Amino acid sequence: MHELTGLVGEAQNLVSYHLGKLREAGLVATRRSSADGRDAYYAADLTRISELFTATAGALHPGLHLIPPSQRGDLPDTVTVLFLCTGNSARSQMAETLLRDRSGGAVQTYSAGSHPKPLHPNAVRVMRDEYGIDISDQGSKHLDVFADQQFDWVISLCDKVREVCPEFPGDPETIHWSIPDPASGRGDDDDDATYPAFRATAAELEARIGFLLAVLTNGTPPS
């Protein structure tokens, strides 16, 4: 909440009131940090907001319609993005792959973790079955591997890794997507019961990456 009030320059009670209204409307979700349960992260449902804007424009006049920006071909010559999570075994690996695929290879994507562990079998399965992409030969890497490398964007996906994320050279844009670990507390690592959580995580990453590509295409960082 402190970060939000600082960003918008309004009193905490006013920010809390409007957040409550947005949550009631299903436009904003909140979850407690997995690193520190006292912190809360708020996430806007950009897909739903986009749908409402489109419907509103069409209702005002049939000639008003929102044209989604191209996700390929209109990007700057070189864009580099690093995704980070704790194990580099699922979330960051899927994000790296999805952004590379959705950008047609125009974005140079990487991923790493603070405590790397082997690639999760359900991450491999989801990417293969849902997106037709084979990531079985991708290896997990420690974030120290990229300590001296410059990136345009550094995106943390895990609340824990956000707390230990080092500063990278070149002053990259840094943003945090608070996405729960799909394997956390869900039984055996390769059990079928965990698959829906991995599928939901991949779908959320794909939606967020679509909006990230729109930002990269426009060349304007988020506020």
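The values are calculated or read from the model by the stated rules, or taken from the named source; none is laboratory data. Remember, it's a predicted structure, so these values are computed and weren't measured experimentally. Please note: Cβ atoms are built from the backbone with ideal geometry, for glycine as well, and neighbour counts cover all protein chains shown. Ligands, DNA and RNA are stripped out before the accessible areas are found, and what is left, the full protein with its side chains, is counted by its heavy atoms. Shrake-Rupley method; radii C 1.70, N 1.55, O 1.52, S 1.80 Å.
Once Lys and Arg get +1 and Asp and Glu get -1 on their Cβ, which of 15, 95, 176 lies farthest toward the positive end of the dipole of the chain?
Of the options given, the answer is 15.
Can you compute 3J(HN,Hα) from phi for each residue in region 7-23, using the Karplus curve 6.51 cos²θ - 1.76 cosθ + 1.60 with θ = phi - 60°, rounded to whole Hz and x for Gly and Pro?
Using θ = phi - 60°, the values come out as 5, 8, x, 10, 5, 4, 5, 5, 5, 4, 4, 5, 4, x, 5, 5, 5 Hz.
No partner Cβ under 4.7 angstrom, meaning no disulfide-compatible partner by this rule: which Cys of the chain qualify?
So far as the 4.7 Å Cβ criterion goes, 165 stand without a partner in the chain.
Any idea of the accessible area per residue across the chain, 1.4 Å probe, to the nearest Å²? Please report the intermediate quantities before stating the final value.
Details: 12450 Å² over 223 residues.
I get 56 Å² per residue for the chain.
For region 198-220 and region 88-105, what is the separation of their Cα centres, given in Å?
Each part reduced to its Cα centre gives a spacing of 10 Å.
Where does region 99-223 land on the Kirkwood hydrodynamic radius, alpha-carbon pairs, in angstrom?
Numbers: mean 1/r = 0.0630 Å⁻¹.
Computed over Cα pairs of region 99-223, the Kirkwood hydrodynamic radius comes out at 15.9 Å.
Which value in Å does the Kirkwood hydrodynamic radius of the chain take, with 1/r averaged over all unlike C-alpha pairs and then inverted?
18.8
For residue 160, go through the lysines and keep the ones whose alpha-carbon is under 21 Å away, minus same-chain ones fewer than eight residues off.
Partners found: 117, 141.
Once the Cα atoms of helix 121-131 and of the chain are each reduced to a long axis, what angle between those two axes, in degrees from 0 to 90 to the nearest 10, is obtained?
50
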